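For reference, the structure discussed in these notes is given below.
The values are calculated or read from the model by the stated rules, or taken from the named source; none is laboratory data. Remember, it's a predicted structure, so these values are computed and weren't measured experimentally. With ideal geometry, Cβ positions are generated from the backbone for all residues, glycine too; neighbour counts draw on all protein chains shown. All accessible areas refer to the heavy atoms of the entire protein, side chains included, with ligands and DNA or RNA removed. Shrake-Rupley method; radii C 1.70, N 1.55, O 1.52, S 1.80 Å.
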Amino acid sequence: MNELIFTPKERDEAMAIARKLKNSVGTPLDSTDEEKVFKHLKRALRCGTVNRNPFGLNPILLALQTAQIAVEEIGLRRDGVLAILLYAIVGDDDSSYEEIRQDFGESVARIIHGLVKIQDLYKKNPVIESENFRNLLLSFAEDMRVILIMIADRVNIMRQIRDTENNEAKTEVSEEASYLYAPLAHKLGLYKLKSELEDLSLKYLEHDAYYMIKDKLNATKKSRDAYIERFIAPIDKKLKEAGFKFHMKGRTKSIHSIWQKMKKQQCGFEGVYDLFAIRIILDAPLDKEKVQCWQVFAMITDMYQPNPKRMRDWLSVPKSNGYESLHITVLGPENKWVEVQIRTERMDEIAERGLAAHWRYKGVKGESGLDEWLNSIRTALENKDDLQVIDQFKMELYEDEVFVFTPKGDLVKFPKGATVLDFAYRIHSNIGNRCVGAKINNKAVTFRYVLKNGDQVEIMTSAAQKPKQEWLNIVKTSRAKAKIRMALKEETVKDGAYAKEMFERRLKNRKIDFDESTVYHLIKKLGFKEANDFYRHIADGSLDVNDVIERYQELLHHDTTQQQQQPARSAEAFNFENPNEEITRSSDDVLVIDRNLKGIDYTLAKCCHPIYGDDVFGFVTVNGGIKIHRTDCPNAPEMRKRFGYRVVKAKWSGKGSSQYSITLKIIGNDDIGIVNNITSIISKEEKIMMRSINIDSHDGLFSGNLEVNVEDTSRLEQLIKKLRNVKGVKQIIRL
């Protein structure tokens, strides 16, 4: 192990910063703190666990520099400083961590624990440039000071790597500063540090652009300062005459802001007119702040022509982060537009050093706990003698959300309480349907596991897994619930179809006839309202198929015996034949076969009885004729599979007065007058002729066939719709 050697320059700088920190932190620093820190430092140096970073920088000196930024720029005190120094020494050493808790207290240990957790997040290779990752950091830190220390540390690193030769690491650090740490600083109201991170990132990543703007700013500084003097001189005089206590300062835009504006407006440096703003800061009592700001506003707009479109009133309605100010752009000397900001000392202090989040103003609304969080921060800031309030503060900004990683490092947001199953359905319905669990941070868990912030989730599936009803109680998201319901519905239909097929096959194997009306009778006897429920219970084993067949045989035997023993009754065994009604077919009913061929002889298949309007296809028979079948004909799959080369396209064209014979199977309850009601409806229908009707009724159920002549499918659909509305009719099947 290599011992960390301080250069004379590093030693001198470290000692100077340490003395300065001791004075800055003041009384909260315990008299024994320094001695204990040195104890940990000496041990770490002796063990060789403290080494220079990839840039060759001294980690102890870096920690001292970071602590200085945290104290002077952010306002952290004893616990924050000690955590920064000790984390650099002990890292994630568990044994040292427990000793730190005993030596320095729970608060310092908690901050270090938070820093360790953040480093663990980085090890998961996250997609850092996402908004979700920034939100995860904010929610993941148990103590707000963890995030503040991370920002201070990145500012310090960016200051120190100016001359490094490790360009790859320099680029990576600069990119992270730009898309992660600068937005974090902006969210927390650390505008000065945010601007420094942005400017340094631009300097390292886009060297030419940075120095072009810097050189132009330097070249125009003298004239810019002179212009500011000319602009504020009359304002200064007028405000003093009015008796205001105030001071003014000019603020030049950051290099990064100027570059962003140049790119956005697609203009050169000279095209950015608002390079600077004038800030008027009033020393006003709290109860007169707004009045005095508006008075100054009136005086400025009297002196210089305002641009109403550029007026911003954050006095009447402050920003969500507590920012209060009046902004107006006016036309100054030489016809140059100048932005003027009017605020009080209190407002300026909060705006410059506030830790309040500016980000919700940008459009993200309704984050849980935000307002309480902002109030806590503002209270701490306004009471400068009690910055320790922040030490007890725990962030609950995202108390209703969790952020978890995919195996690729993408971040996904879920409501608190979401489970592995929610995650699986977020990926894909099939993944959710087959989910059996997951690996969370490489540890196997069940799909009931409740997701926690920072978890890395890898779903495990099994082809044998199927969605279950109780899954609806496990998932939290409406998306997952909807997908589970859909899968359950599909599974029910599939299971029902399979069970029905199995039931019919078992009957066939035993040489028992399948009778639809007897099955319907059985379903009702067993207490089921729907056939689907009956077949589903067979599928899941709730009903033993052998028992069902026995019950079916009993009913079938009973029905047959009843038919043989009892004389026919008009209501229970109704037969009507009309042999004189012949089918007529008009020559205007044309079938276009294959490639627009007309006039080819064809016959209509008796297996499916196609009529005008049905989706049909042609089948070339062995004798060369063409037989027309419905596309949903029971024999269609077999014909296409075995004789696909003999299948030709066909479609209806033209319309005449042809009549087609179709048969409908009707099943239902045998109510009084059921036959009369059915025949009455048919007799009233124009161009529909009844050929025959045969209905049998047993134990309150009826089943029968109805044969009619119709012109086309639209007439048939109308008829079926009317028949379904007849009281007692349960099912109508076109044969």
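When the pairs Lys216/Lys249; Lys524/Lys722; Lys665/Lys722 are compared against a 19 Å limit on Cα-Cα distance, Lys216/Lys249; Lys524/Lys722 fall above it.
Could you give the size of the charge dipole of the range 653-735 about its Cα centre, using +1 on the Cβ of each K and R and -1 on the Cβ of each D and E, expressed in debye and rounded to the nearest 20?
Details: 12 positive and 10 negative charges, 57 e Å.
So the magnitude is around 280 debye.
Here the Karplus relation 6.51 cos²θ - 1.76 cosθ + 1.60, evaluated at θ = phi - 60°, turns the backbone of the range 46-57 into coupling constants of 5, 7, x, 8, 10, 10, 5, 7, x, 8, x, 8 Hz, with x for every Gly and Pro.
Each residue was assigned an accessible area with a 1.4 Å probe, and for Val548 the value is about 10 Å². Distance between the pseudo-spin-label points of Glu229 and Glu13 (7 Å out from Cα toward the beta carbon): 3.7 nm. Along each principal axis, taking the top coordinate minus the bottom one, the Cα set of the range 239-343 gives 45, 35, 23 Å in descending order. Close amide H pairs (under 5 Å, H built 1.01 Å from N) link Trp337 with Gly332, residues at least 5 positions away or on another chain. Around the amide H of Thr461, modelled in the peptide plane, lie the amide H atoms of Val436, all under 5 Å away and 5 or more residues distant in sequence or on another chain.
Sparse packing (at most 15 other Cβ atoms within 10 Å of the Cβ) combined with a DSSP loop state is found for the following trypsin sites (Lys or Arg not before Pro) in the range 150-239: Arg162. Residue-wise HN-Hα couplings along the range 325-330, as the Karplus relation 6.51 cos²θ - 1.76 cosθ + 1.60 with θ = phi - 60° gives them from phi, are 5, 10, 10, 8, 9, 10 Hz; Gly and Pro carry x.
Per residue, the accessible area of the range 399-533 comes to 57 Å² when a 1.4 Å probe rolls over the protein heavy atoms.
Based on every Cα atom in the range 655-735, Rg and the maximum pairwise Cα distance Dmax equal 12.4, 45 Å. Using 23 Å as the Cα-Cα cut-off, could you pick out the over-long pairs in Lys500/Lys721; Lys416/Lys483; Lys22/Lys187; Lys117/Lys452; Lys476/Lys529; Lys452/Lys476? From the list (Lys500/Lys721; Lys416/Lys483; Lys22/Lys187; Lys117/Lys452; Lys476/Lys529; Lys452/Lys476), the Cα-Cα distance tops 23 Å for Lys500/Lys721; Lys22/Lys187; Lys476/Lys529. Measuring between alpha carbons in the structure, the pairs from Lys508/Lys727; Lys264/Lys336; Lys203/Lys408; Lys489/Lys606; Lys20/Lys214 lying more than 26 angstrom apart are Lys508/Lys727; Lys203/Lys408; Lys489/Lys606; Lys20/Lys214.
Relative to the globular-protein estimate of 2.2 N^0.38 Å, the Cα radius of gyration of the range 593-735 stands at 1.21. Residues in the range 527-543 carry Karplus couplings, in order, of x, 9, 8, 10, 5, 4, 5, 4, 5, 5, 5, 5, 5, 8, x, 5, 10 Hz; the curve used is 6.51 cos²θ - 1.76 cosθ + 1.60 with θ = phi - 60°, and Gly or Pro positions show x.
Taking amide H positions as modeled 1.01 Å from N, with prolines and chain starts lacking one, no residue 5 or more places away or on another chain lies under 5 Å from Val450.
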